[in-house]
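Engineer: First the structure, then my questions, so here it is.
Computed from the coordinates by the stated procedures, all read-outs in this text should not be read as laboratory data. Just so we're clear, the structure is a prediction, and the values are computed from it rather than from any experiment. All Cβ positions, glycine included, derive from the backbone under ideal geometry; neighbour counts span all protein chains shown.
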Amino acid sequence: METVTHSSPFDSFLDRMRNPASLDLVRSIKSFIVSFSYTASNPETDGKRIQEFFQTMEDAIRDHSLWASSSDDETDNALEGLEKYVMTKLHSRTFASTPEDVKIDAEISEKISLLQTFLRPQHLDISSALQNEAAWLLAEKELKKINAFKAPREKLLCIINCSRVINNLLLNASISEDHVPGGADDFLPVLIYVTIKASSPWPILHSYIPTSNSYSYTGGSRNLSQKLLTISQILFQPSLSL
């Protein structure tokens, strides 16, 4: 399972940013952060604005002398480090940053709390072969880590790690319980159940999803979505080796 406690690409990015030759990049990054921080939140344009900044910085980094002899992997790691640095600085400005977001998050949390009081596995037609409290608790634990991180990639990894736990549960059930894997038909009900049971005050359903989509910049040889196992891959590859 991929961990998010170590950030080698981030550390490498910071090291290069300390090089005097990176002064032009540092100024651009700090200027954007200050400008964005003091601009009123606008969900309609914020994502586009950040994407455009990342695209501009990607071009600048690829053409910069500090990365002149770098491999694609090293350059992509720098872009990953850039994303973490910027989004950590802008976390309070970009996640649940408007009164409307906070209100909707509270409404969703209240509804999920009501579901928690009576929801049982049979309500979602979860097979008895997949009713494994230990595995469910582990999956819930991964989801609950989401508020400990500020960077979109790290938040996504919490969801991916939860999905991997569920996928392992399906694989084990197919081996030990002689259960025929049902792909998404088995995976999705367990994911829904685990998500509801894990939910506390963490606004994944409203605030996190739009921002995660907005901040997955495109244009690089490997963008964020390409680096991570997507949930759809896990859904439709029941034989995935973890």
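Engineer: Could you tell me which trypsin sites (Lys or Arg not before Pro) in region 128-160 are loop residues by DSSP with no more than 15 other beta carbons within 10 angstrom of their beta carbon?
Structural biologist: none
Engineer: Step through the table entries LYS30/LYS145; LYS84/LYS111; LYS144/LYS197; LYS48/LYS145; LYS111/LYS144; LYS84/LYS197, compare each Cα-Cα distance with 22 Å, and write down the pairs that go over it.
Structural biologist: Going by Cα-Cα distance, LYS30/LYS145; LYS84/LYS111; LYS48/LYS145; LYS84/LYS197 fall outside the 22 Å limit.
Engineer: Once the other residues with Cβ under 14 Å from the Cβ of SER35 are scored (Lys, Arg +1; Asp, Glu -1), what is the net sum?
Structural biologist: +3
Engineer: Once you list every other residue whose beta carbon is under 10 Å from the beta carbon of ALA148, what net charge do they have if Lys and Arg are +1 and Asp and Glu are -1?
Structural biologist: +3
Engineer: If I model a spin label at THR56 and LYS111 as a point 7 Å from the Cα along the Cα→Cβ vector, what separation in nanometres do I get?
Structural biologist: 3.8
Engineer: Still on this structure: Select from region 37-135 those GluC sites (Glu not before Pro) which occupy a DSSP coil region and have at most 10 other Cβ atoms within 10 Å, ordered by residue number.
Structural biologist: The qualifying sites are GLU44.
Engineer: What does the charge add up to near ASP24, with Lys and Arg as +1, Asp and Glu as -1, over the other residues with Cβ less than 12 Å from its Cβ?
Structural biologist: The answer is +1.
Engineer: In terms of modelled amide H atoms, which long-range or inter-chain residues lie less than 5 Å from the amide H of SER41?
Structural biologist: none
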